[in-house]
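Computed from the coordinates by the stated procedures, all read-outs in this text should not be read as laboratory data. Keep in mind the model is a prediction, meaning the values are calculated, not measured. Cβ placement follows ideal geometry from the backbone for every residue including glycine, while neighbour counts extend to all protein chains displayed.
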2 protein chains.
Amino acid sequence: MSNQQSLSEELAARQFKALGDPVRLRLYQQIARSDEICVCELLGVANLSAPTMSHHLKSLRTAGLIEGDRRGTWIYYRAISNVATQLADLLGANVPV
Amino acid sequence: MSNQQSLSEELAARQFKALGDPVRLRLYQQIARSDEICVCELLGVANLSAPTMSHHLKSLRTAGLIEGDRRGTWIYYRAISNVATQLADLLGANVPV
DNA sequence: CCTTTGATTAGATATCTGTTAAATTAGATA
DNA sequence: TATCTAATTTAACAGATATCTAATCAAAGG
């Protein structure tokens, strides 16, 4: 159904791991819900220090789940499309039973 | 589409975390592919010591991803149904944009 | 240039995690 | 009972991780 190119298991594990923290799962959902969102706004939503926020965003970023770019003073993040779908596929939407 | 009862974020994070290890992701997939599978057979497939296998199975078990029952000498594991689908939903198959 | 604001990076530390070896539990069989 | 196999548990330890403080980088405005 939706499988342009299957994720390596190593990469998928790293992505699940990135999502495997309550703080990061919330952040990812918040980012995925938004079209794009500024770090400063995420700081307003979550109750995290700026360094801790950066740390978690870096986890999500290096896992290939989100990407960000600076526009002037602010940095905007957005979810990388298809990744979530690929992970979902991998989770066994394809279980034959 | 498939949302009988949404997962708490805490639980979902624990489940993603359990899947966030290459060894456990493989194990989960192997178990989900099978109708049910004996630990001894998993030991044959993966190259793990018995204690390490138990450790990882316990992670998946306490996260609510798999369940096992003893039948005689052997213990059989199977994937708990719907959980993967709920996680997939949570990942944003349902993103409205 | 200096200061302010937004964000990341570096260093320190306490906690968590994956693996191993040794011990233990559970069931089957003699 | 003793013994064998299947699986888990315990204890120990190295390596990873989350959070904090302090320092640094990047852009904007005075």
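General observations
- Using a Gaussian network model of chain B in which every pair of alpha carbons under 10 angstrom is joined by a spring, one finds that among B:LEU65, B:LEU48, B:LEU19 the greatest mean-square fluctuation is at B:LEU48.
- Between A:LEU48 and A:ILE80, the FRET efficiency estimated from the beta carbon spacing at R0 = 22 angstrom works out to 0.50.
- Separation between Cα centres of the stretch B:4-74 and the stretch A:11-36, rounded to whole Å: 22 Å
- Computed from the Cβ-Cβ distance with R0 of 25 Å, the FRET efficiency linking B:SER34 to A:ASP35 stands at 0.05.
- Set of lysines near A:LYS58 by C-alpha distance (under 24 Å), chain-local residues within fewer than 8 positions excluded: A:LYS17, B:LYS17
- Residue by residue along A:80-90, Cβ atoms of other protein chains within 10 Å of the local Cβ number 4 on average.
- From its DSSP helices (H runs of at least four residues, each -39,500 (n - 2.57)), chain B gives a residue-normalised ellipticity at 222 nm of -14500 deg cm²/dmol.
- Prolate/oblate/rounded label for chain A (Cα gyration tensor, a/c 1.5): prolate
- Kirkwood radius and radius of gyration were both taken over the C-alpha atoms of the protein assembly as shown, and their ratio Rg/Rh is 1.01.
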